[in-house]
1. Restricted to the stretch 8-20, and to residues that are among the aliphatic types (A, V, I, L, M) and surrounded by fewer than 12 Cβ atoms within 10 Å (Cβ to Cβ), which residue is farthest from the chain's Cα centre (by Cα)?
2. Which one is nearest to Ser18 (Cα to Cα) among residues in the stretch 51-71 that are modelled with pLDDT of 95 or more and either surrounded by fewer than 14 Cβ atoms within 10 Å (Cβ to Cβ) or in contact with a strand residue (DSSP E or B) (Cβ under 7 Å, 6 or more places away or on another chain) (or both)?
3. How many of the residues making up the stretch 17-53 are within 21 Å of Lys71 (Cα to Cα) and either assigned to a loop (DSSP other than H, G, I, E, B) or in contact (Cβ under 8 Å) with a residue 40 or more places away in the chain (or both)?
Amino acid sequence: MKLSKNNKPPLNSYARYSNMAFQMGAIIGIFTFGGYQLDKWIHTLPLFTIILSLAGVVIAIYISIKDEIQKK
């Protein structure tokens, strides 16, 4: 098995990045669902859905970058 630059098997890199993708999807999904439920409860346009889904994207990117910096 070939080793990558930092002497780790490539499978570890795939697992780490796929975990990151699932984590980002979960964060964005939870925030979007929360915004949808809030819109349904308050009877508004999809205002909170849009706001919370964008907030979820920003938070997911922030967490992913923070985790990547800490692992190096």
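The values are calculated or read from the model by the stated rules, or taken from the named source; none is laboratory data. Computed from a predicted structure; not experimentally measured. Counting neighbours? That spans all protein chains shown, and the Cβs are built from the backbone with ideal geometry, glycine included.
1. Result: Leu11.
2. For the stretch 51-71, the residue satisfying everything is Ile61.
3. Of the residues in that region, 3 qualify.
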